[in-house]
Amino acid sequence: EETELCKLEAQEWQPILAWFCERYNVQIESSREITGPQISQETKSILRKHLQSYSLWAVHGFSFAVETIKSLILTLCCVDRHISVEKAVFLSRLEEEFQTGHWGRVEWAHELSQQDLQARLSAAVLFIHLSSLSTFVKSKQLCIINMECFQLVCRSTLLTLAGHTALASLRQVY
């Protein structure tokens with residue numbers, strides 16, 4: 001017999017796992033065992049290659065994020081902007097959320113824990129994005145024609161500003 005928690009976990013996690021498996025072209029099944037699911041070497045290899053495509057700084061951010069919410073899947077979902085940080089923290093604390101819904105919430109303890117996890121995960125995801133940003137930036141060279149246009153715009157802007165200044169000073173005199 002399926003418990004309410006199992007139903008909730010299946011309802012919340014199945015869409016995440018389906019998206020993750022499609023996005024990374026891997027096979028990961030959910031498990032009810034405490035040891036977790038068996039993950040093939042091919043899946044491990046694909047995820048290893050993906051993580052190795054990031055800079056060392058970004059990998060440190062991944063390490064911090066995974067340590068925070070105990071899930072590489074949720075971390076990658078956040079980094080890929082598939083789910084929000086709040087949703088990732090909710091999913092990482094799903095059992096705790098279920099229990100507090102049933103037994104009640106100790107406001108200062110449960111809310112503090114949730115806010116702390118959200119802050120830590122937000123910082124890690126932001127760090128990953130910022131440390132990966134330079135890998136996607138392409139330098140562009142200005143064409144001579146564009147440079148000439150730029151100089152013309154600058155001259156006309158300076159002349160316009162000079163004209164406004166001259167008009168303003170004439171208005172002050174008269």
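The values are calculated or read from the model by the stated rules, or taken from the named source; none is laboratory data. Since this is a predicted model, take the numbers as computed values, not measurements. In this analysis, Cβ positions are derived from the backbone assuming ideal geometry, glycine residues included, and neighbour counts consider all displayed protein chains. Surface accessibility is based on the protein's heavy atoms, side chains included, excluding ligands, DNA and RNA. Shrake-Rupley method; radii C 1.70, N 1.55, O 1.52, S 1.80 Å.
Consider the range 57-75 and keep the residues that are in contact (Cβ under 8 Å) with a residue 24 or more places away in the chain and closer than 15 Å to Tyr24 by Cβ. The one that is surrounded by the fewest Cβ atoms within 10 Å (Cβ to Cβ) is Leu72. With respect to the conditions (1) in contact (Cβ under 8 Å) with a residue 24 or more places away in the chain; (2) among the charged types (D, E, K, R); (3) open to solvent by 80 Å² or more (accessible area, probe 1.4 Å), Lys7 falls short on a single one, namely (1).
Which of the residues that make up the range 23-49 are open to solvent by 40 Å² or more (accessible area, probe 1.4 Å) and under 23 Å from Ser132 (Cα atoms)?
The initial filter retains those residues of the range 23-49 that are open to solvent by 40 Å² or more (accessible area, probe 1.4 Å), namely 23, 25, 27, 29-35, 37-42, 44, 46, 48-49.
Within the range 23-49, Arg23, Asn25, Lys44, Ile46, Arg48, Lys49 meet the criteria.
Can you name the residue in the range 79-113 that is out of contact with any Lys or Arg (no Cβ under 9 Å at 6 or more places or on another chain) and small (Gly, Ala, Ser) and, of all such residues, is nearest to Cys21 (Cα to Cα)? Restricting to residues being out of contact with any Lys or Arg (no Cβ under 9 Å at 6 or more places or on another chain) and small (Gly, Ala, Ser), the top hit is Ala88.
Specify the residue that is modelled with the lowest pLDDT; the eligible residues are those in the range 36-55 that are under 22 Å from Asp80 (Cα atoms) and more than 18 Å from the chain's Cα centre (by Cα). Give the derivation first.
The first filter runs over the range 36-55 and keeps only residues under 22 Å from Asp80 (Cα atoms), leaving 39, 42-55.
The next check asks that each one be more than 18 Å from the chain's Cα centre (by Cα); those that pass are 39, 42-46, 48-49.
On the way: Ile39: 91, Glu42: 96, Thr43: 96, Lys44: 95, Ser45: 96, Ile46: 96, Arg48: 96, Lys49: 96.
Of everything passing the filter in the range 36-55, Ile39 is modelled with the lowest pLDDT.
Does at least one position in the range 26-35 carry a residue that is under 29 Å from Ala123 (Cβ atoms), at pLDDT 95 or above and part of a helix (DSSP H, G or I)? No, every residue in the range 26-35 fails to be under 29 Å from Ala123 (Cβ atoms), at pLDDT 95 or above and part of a helix (DSSP H, G or I). Within the range 97-126, residues that are of a type outside the set (D, E, K, R) reach partners that are assigned to a helix (DSSP H, G or I) and open to solvent by 50 Å² or more (accessible area, probe 1.4 Å) with beta carbons closer than 6 Å, at six or more positions or on different chains, in the pairs Ala124/Phe64.
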